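Contents: one structure, followed by commentary.
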Amino acid sequence: MLEHRVATLELVLSAYQSGDLAEALALADATQETDPDRIADLDFLTGGIRLKVGDRAGAAKAFVSVAHSASAKASDCLVLAIDLLFSQSQFEALAGLVDLVAKRLADHQTAVFKVVTALSTLGRLGEAHPIIGGLDCEKRPHLNLLIAFLATSTDRDGLYPVLLANAARYPNNAFLLSALFLRAQERCDFAVTDHFATRLQEPGFGERLAAFELGWARIVRTDDEGEAAKPFFGALEVMRHRAQVAEPLSRRAIRPQGRIRIAYLSSDFRVHAIMTLFQDTLLWHDRSRFEIILLCNSPAGSEVYQSTWPDQVRSEVVRVRDMSSEAIIQWIRQNEVDILVDLNGHTAQARLDVVDLCDAPIKVTYLGFPAAVVGVDLDYAITDSIVTPDSSKPYYQEKLCRLPETYMANSMSRRTWQKRASRESVGLPQGRFVFGSFNASQKIDRQAIRLWSQVLERVPEAMLAVSCARPVVAGNLRVAFAQQGIDAGRLIFFENCPGAEFLARMSATDLVLDTFIYNGHTTTSDALWAGVPVLTKKGKAFAGRVSESLLKAVGLPELVAQDADDFVARAADFAEHPDRLEALRMRLSTQILTAPLFDAERFTRHLERGYEMMVERARAGLQPDHIDVPALPARNEPFFTPQEADHGHV
């Protein structure tokens, strides 16, 4: 039998060499090899013969058989099989090769690309997870697949181990490493964020890595304004798109007279932090001086939220979610918008290509992104002198329109009036001083853990309540605090809850401790509305200066520490002298009703004056320049009373 097998293989080879390909295939089909090595040799020979006779499908099948063997030719045959299957659009067959590619060709970028493309075409891109890191993020078609892979991965907890595995196997895939870093921030996985920081320092690779970093991740990671202003992934995408436009529109001249026509573009006209802040401004806008348009890019279902708006505001909504960018740009042109205000910045659902390429005479960024909106053709950023002092100006391509008191709008109509909740009702212990942290987990870094731990060391009987959406985050935070010597028994973790309950939890704590590179923004505002003092320290960039802006706007500058040591000392002092803290809470409860922070009408008038000053320059033929909006005379009476809230007038 052995001699027959050897002879058959030799006969196949002989027939092939003599040019009798039909006979060679007939002999090959008739053989019954059992030795794996000889089967592989026969399949390799058969694949070559079938390729010569034009049977590409048969050749691919034979080469796949070799790829499954222990033959030295296995990897080369897998490359041949993938090329043949891809050329024939045999996507189902390619999809079945993922594990084999992971085993034999994990670093073969072309082979990986073809198999992942097949999975994408079949709508099964998630199955590419064992090899997705083998794509070359420097090549656009590969990068598009990487972007799509992340976009289709809705299971955050399931995606994380995939990213970890790919980062280990493909340590130089800068795109996936950046994606991993963003999710590590959310999980407070400090080992991964530390590794990312180390890799950023690598000559050559650090620059590549930074180019794939998302804008949001950048401003959470660093408070160096110069570093934050360097192009990151979203900015580079906008610039790339602009370079591909053959004839971009020139800017229109502004209309010489009439009501100022303002279009707000946002994906967040819905239940979202932006509307928690901005809704009352939409209600307070003076329609005798301004024509308001809401270019709504919000997801399906936002109509339910908007149904609570007054008829006037609902009539101003133009739904653009399903419009192409070109169509939105033409709409802005045809409707002669004077000022386009983008409320997204570099966030997930932004339409920054619209902002960049439209011909609006004045283009403004506001509220959605607390940093320079790098790479986008913008004229102004609406800020204030605390979040962007004069030293910030060199890091903004936009001119700064700085509002008095604070840049942040605030809405009372989106909040319930919060009286102090009992400890028992929210699950907090009686008789203990309770610090609170309610910021999103991605804002919590090692600096915050270190300073909060120092506070807890100074106040041994105190506890820290942390708002924490997911168990994995709580687990990582317990480890991080343990490394600082803080027992897990001093930590309380709250899960997500509705807004009213969130405010109630805040109100029952004694003092909220801020995060630092990226402060609480809406969260700090929420805490102050709930009557709880928030302790922060001076920051080095916009995102880390917001709490200072809000605290000064509500008349509590003593809650802004000068540095880290001062932060720890003040926190401990408040805990050791609860009478001082209670006096501060009493001041806050009064100043909420009189100070500028929650005075939406006053804020709106300042914002409108900023718009008018922009338009005055444009109508005078002047280029955009920095603007400092003057403050209106101070109010002498409360603009709001708790009784109004109790009767549903908030």
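Annotations
- Within the range 91-124, the residues that satisfy the criterion of being in a helix (DSSP H, G or I) and either closer than 20 Å to residue 71 by Cα or in contact with a strand residue (DSSP E or B) (Cβ under 8 Å, 6 or more places away or on another chain) (or both) are 98, 99, 100, 101, 102, 103, 104, 111.
Table: residues versus (1) among the hydroxyl-bearing types (Ser, Thr, Tyr); (2) within 31 Å of the chain's Cα centre (by Cα).
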position	(1), (2)
86	no, no
89	yes, no
96	no, no
99	no, no
109	no, yes
117	yes, yes
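- Selection of the range 522-533 for residues being outside any loop (DSSP other than H, G, I, E, B) and more than 25 Å from the chain's Cα centre (by Cα) yields 528, 529.
- Test: residue 163 is surrounded by 19 or more Cβ atoms within 10 Å (Cβ to Cβ), modelled with pLDDT of 95 or more and either outside any helix (DSSP H, G or I) or among the aliphatic types (A, V, I, L, M) (or both): yes
- Number of residues in the range 453-464 that are surrounded by 20 or more Cβ atoms within 10 Å (Cβ to Cβ) and free of Cβ contacts under 8 Å to residues at least 12 places away in the same chain equals 0.
- Listed by first and then second residue, the pairs with beta-carbon distance under 7 Å, at least 6 apart or on different chains, first residue in the range 334-357 and in contact (Cβ under 8 Å) with a residue 24 or more places away in the chain, second among the hydroxyl-bearing types (Ser, Thr, Tyr) and surrounded by fewer than 21 Cβ atoms within 10 Å (Cβ to Cβ), are 351/325; 353/325; 354/325.
- Highlighted here are the helices (runs of 4 or more DSSP H) found entirely within the range 1-82 that include at least 1 residues which are charged (D, E, K, R) and over 26 Å from residue 97 (Cα atoms): 2-17, 21-30.
- For residue 594, the requirement of being in the same structural domain as residue 518 (by TED's automatic domain parsing) and more than 29 Å from residue 369 (Cβ to Cβ) is met.
- So residue 467, is it surrounded by fewer than 23 Cβ atoms within 10 Å (Cβ to Cβ), polar (S, T, N, Q) and touching a residue at least 60 places away in the same chain (Cβ under 8 Å): no
- Residue match in the range 629-643 (condition: in a helix (DSSP H, G or I), of a type in the set (Val, Ile, Thr) and not assigned by TED's automatic domain parsing to the domain that holds residue 361): no
- Flag if residue 584 is in contact with a strand residue (DSSP E or B) (Cβ under 7 Å, 6 or more places away or on another chain), assigned to a helix (DSSP H, G or I) and not basic (Lys, Arg): no
- Count of residues meeting criterion [free of Cβ contacts under 8 Å to residues at least 24 places away in the same chain and either buried (at least 16 other Cβ atoms within 10 Å of the Cβ) or not in a helix (DSSP H, G or I) (or both)] in the range 591-627: 6
- Considering the conditions (1) surrounded by 15 or more Cβ atoms within 10 Å (Cβ to Cβ); (2) in contact with a Pro (Cβ under 8 Å, 6 or more places away or on another chain), residue 630 is excluded by exactly one of them, (1).
- Members of the range 456-498 that are more than 21 Å from the chain's Cα centre (by Cα) and part of a strand (DSSP E or B): 463, 464, 465, 466, 491, 492, 493, 494
- Residues of the range 402-422 that are modelled with pLDDT under 95 and not polar (S, T, N, Q): 412, 414, 415, 417, 419, 420, 421.
The values are calculated or read from the model by the stated rules, or taken from the named source; none is laboratory data. Keep in mind that what you see is a predicted model, and the values were worked out from it rather than measured. Cβ atoms come from the backbone with ideal geometry, glycine included; neighbour counts cover every protein chain shown.
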